[in-house]
Amino acid sequence: MHLSWSSPVIPQLTFFSSAEISWIVSFVSLGSIPGSILGGLLLNKIGRKKTILLTTVFLFLPWVAIALSTDAVVFMIARFLGGIGMAFASITVPVYIGEIADKDIRGRLALVYTLLATSGTVLTLSVGPYISYKWLSVLGAAVPLVCALALLPFPESPYYLLQVDKRVAARESLTRLAAKTENCEAIENRFLQIEKIIADQNRGRKSIKDIIWNKDFRKSLLIVLGLKTIQQLSGLYGIKAYMETIMQLSQTDISPQLSSVIFGSSQIPSVLISALLIDKLGRKPLMIVSTIGCAIGLICEGVYFYLDYLGNIDLSSVNWLPTFGLTLFHIMVSFGVSSLPYVLYGEMFITSAKGVAGTILHMYSGCLTFVVMKSFGPAVEALGIYVVFWMFAGVCLLGTLFGIFVLPETKGKALSEIQDLINK
């Protein structure tokens, strides 16, 4: 909700200047930079579950501040805190899911994070245009409260518990997480397997410098950094932030408010379908399909705005094209571009390296998000909106090549098997 918040709210913030709005919109991505550092430290210091619970606090407080204030500085601070909370969630949730899930359903469960994030976008874009930003803040504050209450009954990750030498608690956690059909022997075998993984990692425990310079870590890091680059430079968050503004520029017969509802509601089915397919088709096919689909939608968007720029062409017969292009983009981005970085992050790093990896990845992601969100408006003014959409489309096509030639297939593999695959 924090990323898509600006789309329906910008038209309501008439008491701020355009410069202030620009900073308010982009400050959420600045918050993710220190949030990445702190989240990576807390991940191994207090555990996965406690870090997620702390995340809900950082996601809750900004909504309260925004609802009670009309000061630009307060808005910026609130957005900054929201960015910290988002970084915590992005680092911790995929790791927690990757460690508690069985390999046969890990991909589907990893997409729960994307599904919840998408649901927040849907809620914001569907409801935001029709209520005041204060009531939208009240709605936003309710979400982390519900998430915190829902998480309380869940156990801590058995990987983390064994990492801090809490064997009894780790065995209890595995028992609670096991399917009812699993017998004691299967649970014990999994416990011994995790224990061996942690023991091997502890024997080879190294400093942060050694982790970073380890070639296997670098290989995993470069792969996920590549996914993050494609995700950020596809224009996903810039488009989310300026959705209604884009639709106002298109001057179609469909209102910006209705377009927001269409964009938001179109994402849920695609995330659900992706969740069904990720452990059947695999990661590579979804990435390839997702990037090609995103490129087509963005190219359509650019073509419409280019024809509109020429000014001597009647576009009344194709005034549906901007809504179609962005709807297709939002559907296809959920298949892989927006979700796979989190899935692969949870799968490709050994337990002791996940905190370091999460910090690096989300600092990098936060910087890219800030650049995209802060420069979107000036780039549109300087180059033309059609050029900006075509640049985003070019990134997506590069993402297709990345999916074909670089991305490894981790479908159906245990975390130890994935490490063996990387080490080849």
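The values are calculated or read from the model by the stated rules, or taken from the named source; none is laboratory data. Note that the coordinates shown come from a computational prediction; the quantities given were computed from them, not determined experimentally. Here the Cβ is made from the backbone with ideal geometry for all residues, glycine too, and neighbour counts use every protein chain on show. Just the protein is used for accessible areas: all its heavy atoms, side chains included, with ligands, DNA and RNA removed. Shrake-Rupley method; radii C 1.70, N 1.55, O 1.52, S 1.80 Å.
Using Cα-Cα distances under 8 Å and only pairs 6 or more residues apart, what relative contact order does the chain have, in percent?
Answer for the chain is 26 percent.
Can you tell me the orientation of helix 321-333 relative to the chain, as the angle in degrees between its alpha-carbon axis and the longest Cα principal axis, to the nearest 10?
That helix lies at roughly 10 degrees to the long axis.
Quick one, what does Rg over Rh come out to for region 60-173 if you take C-alpha atoms and the Kirkwood Rh?
1.07
What number comes out for the charge environment of S29, summing +1 per Lys or Arg and -1 per Asp or Glu over other residues with Cβ under 14 Å away?
+4
Determine the dipole magnitude for region 206-423: charges of +1 sit on the beta-carbon of Lys and Arg, -1 on that of Asp and Glu, nothing else is charged, the reference point is the Cα centre, and the result goes in debye to the nearest 20.
Roughly 900 debye for region 206-423.
Name the most mobile residue of V138, V372, V93, meaning the one with the largest mean-square fluctuation, in a Gaussian network model of the chain with Cα contacts below 10 Å.
Of V138, V372, V93, the Gaussian network model singles out V138 as fluctuating most.
As I understand it, the dipole of region 1-154 uses +1 on the Cβ of Lys and Arg and -1 on the Cβ of Asp and Glu, about the Cα centre. Which of V95, F27, V127 lies farthest toward its positive end?
Final value for the positive-end residue is V95.
Rounded to the nearest 10 degrees, what's the angle between the helix 48-68 long axis and the longest principal axis of the chain, both from Cα atoms, 0 to 90?
Once rounded, one gets 30 degrees.
Which Cα, out of Y237, N183, S334, lies furthest along the positive dipole direction of the chain (beta carbon charges, K/R +1, D/E -1)?
Selected residue: N183.
Which of K209, K45, K374 ends up with the largest GNM mean-square fluctuation for the chain, with Cα atoms connected below 10 Å?
Result: K209 has the largest fluctuation of those listed.
Can you give the FRET efficiency for V74 and V127, using 1/(1 + (r/R0)^6), R0 = 25 Å, r = Cβ-Cβ distance, to the nearest 0.05?
With R0 = 25 Å, the Cβ-Cβ based efficiency is 0.60.
How large is the Kirkwood hydrodynamic radius of the chain, counting all unique pairs of alpha carbons, in Å?
22.1
Out of the total accessible area of the chain (probe 1.4 Å, heavy atoms of protein only), what percent is carbon and sulfur?
That share works out to 69 percent.
Once the convex hull of the C-alpha atoms of region 206-423 is built, how many Å³ does it hold per residue, rounded to a whole number?
Roughly 118 Å³ of hull volume per residue.
Can you tell me the accessible area per residue over region 280-424, all protein chains present, probe 1.4 angstrom, in square angstrom?
Per-residue accessible area for region 280-424 comes out at 38 Å².
Counting only other residues whose beta carbon sits under 13 Å from that of G384, what net charge do I get with K and R as +1, D and E as -1?
Net of charged neighbours comes to -3.
Nearest 10 degrees, 0 to 90: what angle lies between the long axis of helix 283-310 and the longest principal axis of the chain (Cα atoms)?
The two axes meet at around 10 degrees.
Would you please give the FRET efficiency between S265 and N189, computed as 1/(1 + (r/R0)^6) with r the Cβ-Cβ distance and R0 = 45 Å, to the nearest 0.05?
0.55
Order 34-41, 63-70, 336-343 from most to least packed using the mean count of other Cβ atoms within 10 Å.
Top to bottom by mean Cβ count within 10 Å: 336-343, 34-41, 63-70.
For the chain, modelled as a GNM with alpha-carbon contacts under 10 angstrom, which of D102, D314, D71 fluctuates the most?
In this elastic network of the chain, the residue with the biggest mean-square fluctuation among D102, D314, D71 is D314.
Could you give the dipole magnitude of the chain about its Cα centre, charging the beta-carbon of Lys and Arg +1 and that of Asp and Glu -1, in debye to the nearest 20?
Taking the Cα centre of the chain as origin, the dipole is about 1360 debye.
Do any cysteines of the chain lack a neighbour Cys whose Cβ is under 4.7 Å away, and which are they?
C147, C184, C300, C367, each lacking another Cys Cβ under 4.7 Å.
Placing unit charges on C-beta atoms (Lys and Arg positive, Asp and Glu negative, everything else neutral), compute the dipole magnitude of region 1-154 about its Cα centre in debye, rounded to 20.
340
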